[in-house]
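Notes follow the structure.
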Amino acid sequence: MNHAGVYIHIPFCRSRCSYCDFATGMYQTALAERYVQAVVKEIGAWQEVDMIAPVDTIFFGGGTPSLLSPSRVNAILQAVRARFAAQGDAEVTLEINPGDGGTTPIARKETLSELRRSGINRASFGAQTFDDDELRHLGRTHIAADIERTFTELREAGFDNVNFDLIAGLPGQTLATWSSNVDKALALKPEHLSLYLLDIHEGTPMADQIQRGQRPKPDDDLAAEMYKLLIERVCAAGYEHYEISNFCLPGYEARHNVKYWTGSPYYGFGCSAHSYDGAWRRWSNQRDPACYADLIEAGTTPVVERTLLSESEVRAESVFLGMRMMRGINTQKYQERFGADLRDVYRGDLARFRDAGLVEIDDQVIRLTASGALLSNEIFACLA
């Protein structure tokens, strides 16, 4: 049985970013305390899976989980360890916003040190950009100077596994400012880098600003050049391009996220959290934080949607998720699982993509090329 991951959704933020359409809301102390108690209760009462896989990754995402006090984070972490067979070397990630943790250096360092002592051993860091104007337009609460300062404080607190999130393709962003972002990130030498090409979601402030002509439309061709530049720079700096949007120093893959791409089980807790049993079933929780807490307090399941996947859906997911990994899909393992040769199933499309230089095919592996990674959405649409 594949090891599972546990995902904890913390929906609170100090402010809402202009591009965000996640299940988030403003931080309120009373609701946060009630919410944490509800998550702990949900974990303790959880019975969605008969055969529970051992857990070797735990991920606090959001939202801004670093808004929670270390004691609240630890309460949830202890509930996970009590309910699941968490491995001793589990990767435990907390998403952190630059500047969170206190108003003084001493307070911030103590907060980070407490988190590290509680078992958090990986920080995923929402840098986004090192340009103050871009940060302001995104609605972020930090400035560029907070990024380097918080990174230094993380190191001093004992964090030796840190990820930076960077966003490319922002309205008005130039190749020069993006190049500067990449250089500044590499100068700090985090163990992991995640790239997000900006996706405009209807109903967000940024979408409204673009529609009213207050911000320029993102330039897809320029975003592609930014992606190419990032690959070139980070690989030259010794990072491995192991997934379409993710890069790491050797040995520092995001083990939790790899579960999503390789079909491993993951169990989600908190509002809007999604789960997968690693085989056929997916389910998701109530989206609204207060409604979620109401359901838990009433002893009612927070699950609002359940999906039983068909065999064809599982096969398709294994392809378009698995091919996100730059190592590709092992065709022999695919045949053992589904009784079909992947090269025969998609023979025409794969031949076309190979001739265009978008995929590589050998005896046992089908993988994207660097050019294919840039056009992955179009490729996956044909393989769905």
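The values are calculated or read from the model by the stated rules, or taken from the named source; none is laboratory data. Since the structure is predicted, the reported quantities are computational estimates derived from the model, not experimental observations. Note that we place each Cβ from the backbone using ideal geometry, even for glycine, and neighbour counts take in every protein chain shown. These accessible areas exclude ligands, DNA and RNA; they are computed on the full protein's heavy atoms, side chains included. Shrake-Rupley method; radii C 1.70, N 1.55, O 1.52, S 1.80 Å.
Here are the numbers:
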quantity: Carbon plus sulfur fraction of accessible area for the chain, probe 1.4 Å, in percent; calculated: 49
quantity: Sorted largest first, extent of the stretch 277-330 alpha carbons per principal axis (Å); calculated: 46, 23, 13
quantity: Calculated [θ] (222 nm, deg cm²/dmol) that DSSP helices of n ≥ 4 give over the chain, each run adding -39,500 (n - 2.57); calculated: -13000 deg cm²/dmol
quantity: For Thr262, solvent-accessible area (1.4 Å; no DNA, RNA or ligand), Å²; calculated: 60
quantity: Under 21 Å from Lys333, Cα to Cα: lysines that are on another chain or at least 8 residues apart; calculated: Lys259
quantity: Protection proxy ranking of 342-348, 7-13 - average other beta-carbon atoms within 10 Å, highest first; calculated: 7-13, 342-348
quantity: Built amide H within the under 5 Å cut-off of Val304, gap 5+; calculated: Ser284, Asn285, Gln286
quantity: Candidates Glu336, Glu313, Glu225: whichever shows maximal mean-square fluctuation once the chain is modelled as a Gaussian network with Cα springs under 10 Å; calculated: Glu336
quantity: Taking only Cα atoms of the chain, radius of gyration then Dmax in Å; calculated: 21.1, 61
quantity: Where Lys259, Lys228 fall by accessible area, highest first, once all protein chains stay in place (1.4 Å); calculated: Lys228, Lys259
quantity: Residues of type lysines that Lys109 reaches as a straight line, Cα spacing below 28 Å, ignoring anything fewer than 8 places off in the same chain; calculated: Lys184, Lys189
quantity: The chain: relative contact order as a whole-number percent, Cα under 8 Å and 6+ apart; calculated: 15
quantity: Part-to-part distance (alpha-carbon centres) for the stretch 122-167 and the stretch 322-356, which is given in Å; calculated: 38
